[in-house]
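Quick notes on the structure that follows.
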Amino acid sequence: MPRVSVAMSVYNCEEYLPACVDSVLTQTFQDFEFIIVDDGSTDRSAEIIRSYTDRRIVFLQQSNQGVATALNHALRFAHGEYVARQDADDISSPERFRKEVAFLDTHPQVAVVGTGAALIDRTGRQFSTFMPFVRHDRLVKELKRGVCPLMHGAVMLRRTALTEYGAYNPVFNWIQDVELWLRLSQYHRLANIREVLYQFRKHDSSVTHKAWIDLRIREFAKTGRLQPETKVEDWTNFCQQFQDECEAGRWNDAFEAENRLRKAQIELAKGQPLRAVRWVADAVRLNPALVTDVPARVGRRVWRTLPVVGGLF
């Protein structure tokens, strides 16, 4: 049996898929199976995957049902001691699997480990770096705030934790990873390797859509109901109420402010602090309540560039 099962969901990623798959197949750690689920793609994604003859690839197809369902489908075919995630438009550094396996081997109390990441644009140009928090307590605190401090595509986790406490819950759309990490945090520790071992691709076209998602998640977190035992009915009821209020125009200014704050983060990441300040000022003008969030959401990027002080736990 392979030590690692790599789980990847694919939906219309033909442009980036070859580089992604190649980055997995050329890992320095080679004892893995690569389970790829095509989630109803309408482009050449399936054709590209079938062009690979590597016997470690297990190719599955389903109608379009979303990331959580696709990943759960992959997990049903997993045999490895560890499960590594990979997103179809991202790239793993050659040493990623080796270092994550070594970390989990030497930290038996940890069930989920992520890594730092280079942020790249659609052309592959790096414009920033994600350097994550590493201590379990801080990771849980961030998750409860509606912020995911674990790069989802870069994590490796123990398969036994999933079989014992459950995998992704598709009902928690938009927060399926946050909910899973919080749930597992009740029984195991979470961690990050503070080293860039992944390339995360950010698409400018997704900024507006992501702003809506972030606003929804952060408002839910403010209710105090985003916890290690988040209730399905709390999330579904909130989402319905949020949708109704959006249609009534209740969140228009808050959304526009969120959108501008995300643009400020992007400008800061690109080394354009003056442009970032302008976007922040515009965001606070639209939603004055954001003024207390600015240090944590924009200034935090500066903190993440500093060396780690002390140990992991």
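Only residues of region 31-55 count here: report those whose backbone N is under 19 Å from the spot 7 Å along Cα→Cβ of Thr163, or say none. Under 19 Å, as judged by backbone N against the label point of Thr163, lie 32-35 of region 31-55. Among the lysines of the chain, pairs at least eight places apart or on separate chains and with Cα atoms under 16 Å apart come to 8. Calculated mean residue ellipticity, 222 nm, the chain: -12500 deg cm²/dmol, from DSSP H runs (n ≥ 4) at -39500 (n - 2.57) each, averaged per residue and rounded to 500. Assign one of three labels to region 75-146, namely rounded, prolate or oblate, based on the Cα gyration tensor with a ≥ b ≥ c the square roots of its eigenvalues; rounded applies when a/c is under 1.5, prolate when it is not and a/b is larger than b/c, and oblate otherwise. Oblate shape, in that a/c is at least 1.5 and b/c is the bigger or equal ratio. The alpha carbon centroids of region 34-100 and region 190-250 are separated by 24 Å. In this calculation the C-beta distance from Ser63 to Ala281 is compared with R0 = 41 Å, giving a FRET efficiency of 0.35.
Would you please give the FRET efficiency between Asn252 and Arg55, computed as 1/(1 + (r/R0)^6) with r the Cβ-Cβ distance and R0 = 45 Å, to the nearest 0.05?
Step by step, r from the Cβ atoms, then E = 0.25.
Considering only beta bridges that DSSP places wholly inside region 4-203, some 30 percent are antiparallel. At full extension, Lys222 and Arg138 could sit 28.5 nm farther apart than now, given 0.36 nm per residue minus the alpha carbon distance. Relative protection proxy for 118-131, 241-254, from highest mean packing down: 118-131, 241-254 (other beta-carbon atoms within 10 angstrom). Less than 5 angstrom separates the built amide H of Ile193 from those of Gly114, Thr115, Gly116, all sequence-distant by 5 or more or on a different chain.
Here, each number is a calculation from the coordinates, and none is a lab measurement. These numbers come from a predicted model, not from an experiment. All Cβ positions, even for glycine, are placed from backbone atoms using ideal geometry, and neighbour counts span all protein chains on display.
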